[in-house]
Amino acid sequence: MSSALLETPLTYLPGIGPKRAELLQKELGLQAWEDLLYYFPYKHIDRSRLYRTSELTSDMPFVQVKGRFVSFEQMGEGRKKRLVGHFTDGYGWVDCVWFNSQQYILKSVKLHTDYILFGRPSVFNGRINLNHPDVDPADTLMLSKMSMQPYYQTTEKMKKAGVNSRTLEKFTSTLLRQIPPASIVDTLPRNMLARLCMVSLDEALRMAHYPSTSQELTQANYRLKFEELFYVQLSVLRYARLRQGTIRGHVFSRVGTYFNSFYSNNLPFQLTEAQKRVIREMHADMKSGRQMNRLVQGDVGSGKTMVALMTMLIALDNGYQACIMAPTEILAEQHLATFRKMLGDMPVRVELLTGMVKGKRRKSVFDGLQSGEVQILVGTHAVIEDNVQFANLGLVVIDEQHRFGVAQRAKLWEKNSTPPHILVMTATPIPRTLAMTLYGDLDVSVIDELPPGRKPIQTTHMYDNAPEKLYNGINAQIQEGRQVYMVYPLVKESEKLDLKNVEAAYVHLQKVFPQYKISMVHGQMKPSDKEAEMQRFVSGETQILVATTVIEVGVNVPNASVMVIQNAERFGLAQLHQLRGRVGRGASQSYCILVTKYDLSKDTRRRIDIMTETNDGFEIAEADLRFRGPGDLEGTQQSGIAFDLKLANLAKDGQIVQLARDMASEILDADPMLSSSENRILVDRMRYLKRDEMDWSNIS
Ligand code: ADP
Ligand code: MG
């Protein structure tokens with residue numbers, strides 16, 4: 001069996017002794033042959049093309065030439081001391097320049113012998129130079145093999161120990177020669193490969209390292225990415241189906257006094273149709289006898305808080321407790337205040353639990369939860385700590401936590417013998433592919449309507465060299481009774497970053513606006529100070545709030561009509577959209593002003609343009625996805641169900657994610673328990689991939 005072969009420790013590979021094995025283990029976490037096999041190159045360079053020296057120009061990327069050194073010359077003094085090798089291929093000349101390793105080059109490179117040079121051309125004193133080129137003996141065997149050369153990521157420590165990309169290349173080529181052809185057992189069923197026209201695992205792994213053409217590399221990547229994503233989807237979907245099939249939920253059959261009396265006496269506005277529909281969808285879930293796991297997506301300002309509160313009242317009507325978790329203390333405080341205000345004199349006990357709630361107050365909350373007197377708990381992550389015990393928790397609402405994945409949700413199950421219903425709420429910008437992975441096991445409801453009377457926020461872009469205009473605008477709004485947010489990227493002045501900061505702005509703005517009061521909030525303040533400052537703004541005592549992005553999500557002060565974001569070039573689209581969502585929450589016209597430095601990169605300019613052109617969270621989410629660079633896998637690691645994605649990129653491989661999902665659900669439709677012999681391979685592989693993960697037995 002080749003799988004046993006793949007478990008061979010790396011020390012058994014020719015060229016790797018105990019020292020190098022230890023280095024590879026420490027630096028890259030590689031232990032067995034299999035690990036090395038799955039340590040893919042980060043790029044390949046096409047070395048099939050040889051240039052003539054006479055063709056080279058300084059605007060070419062890496063090039064390859066074949067010829068001979070005619071002489072070496074040491075030139076310059078001190079730091080400019082360099083070795084220059086004069087090289088010709090019979091068509092022209094290039095000068096190779098080394099500032100380092102000069103002795104090594106002199107010793108190892110021979111004159112009048114064929115070499116292949118590989119480097120990036122530049123021009124110096126009117127001559128073409130190659131600085132520190134790769135120099136390889138030009139044996140034809142190498143040429144024919146080296147059409148696509150792999151480049152492997154290495155660390156500083158590895159380089160110091162003489163293990164660079166080239167060394168790894170030797171290791172992987174040795175490894176692939178040690179593994180007999182076509183012997184790697186496939187991890188996908190044969191019929192699936194045939195249907196999707198995919199290469200076998202054996203071929204894919206070999207081609208991922210040593211493709212002979214760029215098409216082969218594409219084929220290999222396609223297959224390997226698909227496989228990664230397929231197992232994620234299979235796992236997510238299987239979990240969702242098992243849950244639906246086997247896990248009982250509390251039955252919230254009634255809508256009773258709490259809900260009804262709130263609806264008729266306390267509701268300060270008419271619900272939007274979208275809000276009503278989503279509440280109905282959730283009620284249908286919660287009375288079905290199955291556990292609800294629902295994601296409610298609604299753009300900023302769409303009124304998710306009210307939906308949460310009314311859903312919690314349904315839990316109360318059925319004799320259960322409910323809790324809501326917010327990502328920040330500020331937001332938890334705000335929810336507490338909102339709920340208490342909305343509930344007015346209704347007999348509902350709502351309490352707060354955050355890291356700040358200590359001593360007697362904490363004990364009283366704990367006691368109240370255990371006795372069942374506390375009916376609604378509002379908090380931060382503190383809520384899922386092990387020592388928090390409820391009498392009868394029936395519903396958990398998770399507000400705006402992009403990273404609250406399956407594993408964290410699973411923890412909530414310990415809070416009651418039957419798991420509570422779960423409602424996850426999020427404003428859009430969350431790319432669909434990410435949602436499919438992170439929340440792939442959830443049912444989705446969408447609040448696709450904003451409360452009536454909202455005027456779209458006007459967004460403008462300003463450079464930071466004309467603050468008077470900005471201050472005049474701010475002044476005019478405050479004169480009309482409105483309030484203003486000003487957001488900064490830093491708390492304090494930084495030596496390294498030339499960016500604006502909250503503390504300096506606080507001092508400066510007091511001089512600019514001596515007639516107004518200003519609050520300041522940032523993450524380095526004591527929680528109680530933060531709360532007090534925030535409260536001054538909420539109550540209208542202060543007109544301006546200077547803050548870092550701690551106010552990014554959720555904060556709701558409807559009277560605030562201006563959001564100024566300083567150094568807006570530093571923020572991503574999703575973040576800008578969230579920040580902008582802090583205004584436009586009341587009936588008055590609101591403004592968002594993006595202030596940037598003068599010279600902007602092309603990408604930043606496009607981001608700013610998108611922000612000024614649209615208020616639509618879905619559009620912004622899509623644009624965000626297009627901008628995301630490779631490797632930006634925010635959230636997947638925490639999801640607890642997504643394995644490390646080595647090749648696939650959720651931002652870029654959307655189509656493969658979809659294909660993987662379709663295939664996974666097709667397979668589960670036909671064989672829900674994956675019990676057929678042909679699906680054996682899938683079960684084995686999932687078990688293998690999850691070998692280091694938490695125990696899911698209480699779920700499946
Ligand atoms: P988000 O969805 O961003 O969490 P919030 O729940 O904070 O939005 O609601 C934004 C604002 O809209 C709040 O001031 C809230 O009271 C108000 N609101 C919510 N629903 C309605 C509605 N149906 N009609 C009018 N105002 C509403
Ligand atoms: Mg909210």
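The values are calculated or read from the model by the stated rules, or taken from the named source; none is laboratory data. Note that this is a predicted model, so its numbers are computed, not measured. Glycine gets a Cβ as well: all are built from the backbone with ideal geometry, and neighbour counts include every protein chain shown.
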**Message:** So for the range 188-211 (the condition being under 29 Å from the mean Cα position of the chain (by Cα), closer than 14 Å to Ala660 by Cβ and among the small types (Gly, Ala, Ser)), does at least one residue qualify?
**Reply:** no
**Prompt:** How about the range 52-90: which of its residues are farther than 18 Å from Ala138 by Cα, in contact with a helix residue (DSSP H, G or I) (Cβ under 9 Å, 6 or more places away or on another chain) and part of a strand (DSSP E or B)?
**Reply:** Phe72, Gln74, Arg82, Leu83
**Request:** Return the pairs, sorted by first residue and then second, in which the second residue is more than 16 Å from ligand 2 (Cβ to nearest atom) and not in a loop (DSSP other than H, G, I, E, B), the first residue lies in the range 257-277 and is not assigned by TED's automatic domain parsing to the domain that holds Lys341 and of a type in the set (S, T, N, Q), the beta carbons are less than 6 Å apart, and the residues are 6+ apart or on different chains.
**Result:** none
**Request:** Answer with yes or no whether Ser561 is over 17 Å from Thr328 (Cα atoms) and within 16 Å of ligand 1 (Cβ to nearest atom).
**Result:** yes
**Asked** Of all residues in the range 538-548 being within 16 Å of ligand 1 (Cβ to nearest atom) and either without any contact (Cβ under 8 Å) to a residue 60 or more places away in the chain or among the polar types (S, T, N, Q) (or both), which is nearest to Ala326 (Cα to Cα)?
**Response** Ser539
**Asked** Can you name the condition, by its number, that Ile376 falls short on among (1) touching a helix residue (DSSP H, G or I) at 6+ places or on another chain (Cβ under 6 Å); (2) more than 17 Å from Lys415 (Cα to Cα); (3) touching a residue at least 60 places away in the same chain (Cβ under 8 Å)?
**Response** (2)
**Item:** Search result, residues across the range 6-26 that are crowded, with 17+ Cβ neighbours inside 10 Å and not in a loop (DSSP other than H, G, I, E, B)
**Value:** Leu6, Leu10, Arg20, Ala21, Leu23, Leu24
**Request:** Name every residue in the range 65-101 that is modelled with pLDDT of 90 or more, among the polar types (S, T, N, Q) and within 48 Å of the chain's Cα centre (by Cα), in order of residue number.
**Result:** none
**Request:** Output yes when any residue across the range 258-277 is among the charged types (D, E, K, R) and more than 13 Å from ligand 1 (Cβ to nearest atom), and no when none is.
**Result:** no
**Prompt:** Does Phe571 fit the bill of being crowded, with 21+ Cβ neighbours inside 10 Å, over 22 Å from His335 (Cβ atoms), among the hydrophobic types (A, V, I, L, M, F, W, C) and out of contact with any Lys or Arg (no Cβ under 7 Å at 6 or more places or on another chain)?
**Reply:** yes
**Prompt:** What number of residues within the range 32-64 are within 14 Å of Tyr210 (Cβ to Cβ) and at pLDDT 85 or above?
**Reply:** 7
**Asked** Which of the residues that make up the range 446-459 are in a loop (DSSP other than H, G, I, E, B), surrounded by 15 or more Cβ atoms within 10 Å (Cβ to Cβ) and not basic (Lys, Arg)?
**Response** Asp448, Glu449, Leu450, Pro451, Ile457
**Request:** Considering only the range 545-559, state which residues are within 15 Å of ligand 2 (Cβ to nearest atom) and over 17 Å from Val502 (Cβ atoms).
**Result:** Val553, Gly554, Asn556, Val557, Pro558
**Message:** Just the residues that are among the small types (Gly, Ala, Ser) and surrounded by fewer than 16 Cβ atoms within 10 Å (Cβ to Cβ), please, taken from the range 213-254.
**Reply:** Ser214, Gly245, Ser253
**Request:** Scan the range 569-582 residue by residue and report those that are in a helix (DSSP H, G or I), of a type outside the set (D, E, K, R) and free of Cβ contacts under 8 Å to residues at least 60 places away in the same chain.
**Result:** Gln575, Leu576
**Item:** Residue in the range 534-543 that is modelled with pLDDT of 90 or more, out of contact with any Leu (no Cβ under 6 Å at 6 or more places or on another chain) and at positive phi present
**Value:** yes
**Request:** May I ask you to say which residue of Leu295, Leu336 is within 14 Å of ligand 1 (Cβ to nearest atom) and in contact with a Phe, Trp or Tyr (Cβ under 6 Å, 6 or more places away or on another chain)?
**Result:** Leu295
**Message:** Condition check: within 16 Å of ligand 1 (Cβ to nearest atom), farther than 22 Å from Ile324 by Cα and at pLDDT below 90. Does Ala574 satisfy that?
**Reply:** yes
**Asked** Looking only at residues in the range 177-195 that are without any contact (Cβ under 8 Å) to a residue 60 or more places away in the chain and part of a helix (DSSP H, G or I), which one is farthest from Phe230 (Cα to Cα)?
**Response** Arg177
**Message:** Condition (residue is in a loop (DSSP other than H, G, I, E, B), closer than 23 Å to Gln219 by Cα and either modelled with pLDDT of 90 or more or among the aliphatic types (A, V, I, L, M) (or both)) applied to the range 141-152: is it met by at least one residue?
**Reply:** yes
**Complete:** Here the residues within the range 611-623 that are closer than 13 Å to Arg580 by Cβ and either touching a strand residue (DSSP E or B) at 6+ places or on another chain (Cβ under 6 Å) or buried (at least 21 other Cβ atoms within 10 Å of the Cβ) (or both) are Met611, Thr612, Asn615, Gly617, Ile620
